1. Which loop trypsin sites (Lys or Arg not before Pro) in segment 31-77, with loop taken from DSSP, have no more than 16 other Cβ atoms within 10 angstrom of their Cβ?
2. Per q in 0.15, 0.20, 0.25 Å⁻¹, report the Debye log10 I(q)/I(0) for segment 10-92, using one uniform scatterer on each alpha carbon and no solvent.
3. In percent, how large is the relative contact order of segment 1-84, given Cα pairs closer than 8 Å and 6 or more residues apart?
4. What residues qualify as long-range amide H neighbours of ALA84, i.e. H under 5 Å apart, gap of 5 or more or another chain, H built at 1.01 Å from N?
Amino acid sequence: MAGVALGAGSIGAWAVAVWAAFQLHAWPASKLGFFRDRMVVVQGRHEMRALWDLMESVTLSDPDSWPKVRVTDRLTIRIRNEPAFGLKPAHFGLEPAACRDLILRLRDDAGLRARLPEFDSARDLAIAPIVSGELIKPGL
């Protein structure tokens, strides 16, 4: 009787492990962050930043398709005095049109951006580490 219960528990544990592996595989590999002054896109080890004030256009059309405009699932962000960069919102678990609309709304509405957190990267923290509390034993 104990063997049957142990076997059923083992089968259940394997089923949960397989389900968790599939869920982890479906997790977006890229990160997208919205801050008060900028938008940050991290794809693998590549980090791209776009300041809201310098964004000229955010479009789903293929950049080289003028005059026959082709709508794609790739979002292209043009920044003043910098090269444009693109991203696929599906990699972040977002719909392309909804992501474009959100970015345009954040770019144009400073009041809405004021509700976002301030930008603070890991590099900023590495330069100025957080210090809290006091030393228990003073180092002499």
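Any read-out appearing in this document is the output of simple, stated calculations on the displayed coordinates, not a laboratory observation. Since the structure is predicted, the reported quantities are computational estimates derived from the model, not experimental observations. Using ideal geometry, Cβ is built from the backbone for each residue, glycine included, and neighbour counts are taken over all protein chains shown.
1. Details: sites: LYS31, ARG36, ARG38, ARG45, ARG49, LYS68, ARG70, ARG74; in loops: ARG36, ARG45, LYS68, ARG70.
Of the trypsin sites (Lys or Arg not before Pro), the ones in loops of segment 31-77 whose Cβ has at most 16 other Cβ atoms within 10 Å are ARG36, ARG45, LYS68, ARG70.
2. Debye intensities relative to I(0), on a log10 scale: -0.67, -0.95, -1.23.
3. Values: 81 pairs, mean separation 13.6, N = 84.
With pairs under 8 Å counted, the relative contact order is 16 percent.
4. Amide H neighbours of ALA84, under 5 Å, 5+ apart: ILE79.
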